[in-house]
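The next block holds one structure in the form of structure tokens; read it before the comments.
The values are calculated or read from the model by the stated rules, or taken from the named source; none is laboratory data. The model shown is predicted, which means the values in this text are computed figures rather than measured ones. As a convention, Cβ positions derive from the backbone with ideal geometry for all residues, glycine included, and neighbour counts pool all protein chains shown.
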Amino acid sequence: MADTSAEAVEPQRKSRKQVSEETRLAIIDAAHRVFRRAGYNGSSLDDIAAAAGFTKGAVYWHFANKQALFLSLIAESVRSNLEFLSGIVALEAEPERMTAELAKWIDRIDATESLPSLGVEMEIEARRNPRLRELHQQQVLAHEQAMAAILERYFRGIGKPPPMPMEELTGTIITVIKGFALARQNRPGTPITSARLLRMLMLMDDKA
């Protein structure tokens, strides 16, 4: 008699599209590690391919060049960050819980260093590369607009007006995060955190 148990069911094969996306994300993850270790100028697609465990041809299949890969890495980091914040403001019916979760995000933003440090690296490289600067400015604008929509929901949920116009607030928040990340790079080992300012801006906490 044939074994029809769940254990005997052969796992469904992944589609070519799924495999391709997993490969793309694995390359992005490897690029993150390499860029953080060696910086943009000190990294090569050979280094990233080796770190990802793929051929250089596989990297080129997904990304036209190092610049395209770097932009995709930042876009993926921004997407993940905004997705996390969207999950927080989805709690708008529970203002106290929403504020508590946002406070946790603020306290963690300096510790993770992922998006802030990438932003700093991009700002440095964009000064040398006009095309990269143009593309990055488009990313920053999209990031600010998405964050503004999230923060509008947050302040509506807590029943308070934002401390300044939303466009100014989101630009200030992103500048604070990147500015403190740069300060930590310039002064390693020195405890420099953006949490206090972010609490004042986002949580309206003047005792932060």
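Beta carbons closer than 8 Å, at least 6 apart along the sequence or on distinct chains, pair a first residue in region 120-132 that is farther than 16 Å from Ile174 by Cα with a second that is among the charged types (D, E, K, R) and at pLDDT 80 or above for Ala126/Arg133; Arg127/Arg133; Leu132/Glu125. Taking each residue of region 147-163 that is farther than 15 Å from Ala90 by Cα and outside the structural domain of Glu96 (by TED's automatic domain parsing) and looking for partners that are at pLDDT below 90 and surrounded by fewer than 16 Cβ atoms within 10 Å (Cβ to Cβ) with beta-carbon atoms closer than 6 Å, six or more apart or interchain, yields nothing. Summed over region 40-71, residues that are without any contact (Cβ under 8 Å) to a residue 12 or more places away in the chain and closer than 18 Å to Leu135 by Cα total 2. Only one entry in Glu96, Glu92, Glu121, Glu125 is surrounded by 15 or more Cβ atoms within 10 Å (Cβ to Cβ), within 30 Å of Gly159 (Cα to Cα) and of a type in the set (D, E, K, R), namely Glu92.
If we keep just the residues of region 134-170 that are within 18 Å of Arg199 (Cβ to Cβ) and under 20 Å from the mean Cα position of the chain (by Cα), which is surrounded by the fewest Cβ atoms within 10 Å (Cβ to Cβ)? Across region 134-170, the extreme among qualifying residues is Ile150.
Restricting attention to region 101-118, the residues being more than 12 Å from the chain's Cα centre (by Cα), at pLDDT below 85 and either at positive phi or surrounded by 13 or more Cβ atoms within 10 Å (Cβ to Cβ) (or both) number 2. Look at Ser20 and say whether it is surrounded by fewer than 18 Cβ atoms within 10 Å (Cβ to Cβ), in contact (Cβ under 8 Å) with a residue 40 or more places away in the chain and assigned by TED's automatic domain parsing to the domain that holds Arg184. Spelling it out, it is not the case that Ser20 is surrounded by fewer than 18 Cβ atoms within 10 Å (Cβ to Cβ), in contact (Cβ under 8 Å) with a residue 40 or more places away in the chain and assigned by TED's automatic domain parsing to the domain that holds Arg184. Entry remark, region 39-65: residues being surrounded by 13 or more Cβ atoms within 10 Å (Cβ to Cβ) and farther than 22 Å from Ser20 by Cα number 2 in total. Ile74 passes every criterion in (1) surrounded by 15 or more Cβ atoms within 10 Å (Cβ to Cβ); (2) more than 18 Å from the chain's Cα centre (by Cα) apart from (2).
Run down Glu167, Glu125, Glu121, Glu152 and say which single residue is part of a helix (DSSP H, G or I), charged (D, E, K, R), at pLDDT below 90 and under 23 Å from Trp105 (Cα atoms). After ruling out the rest, the residue left standing is Glu121.
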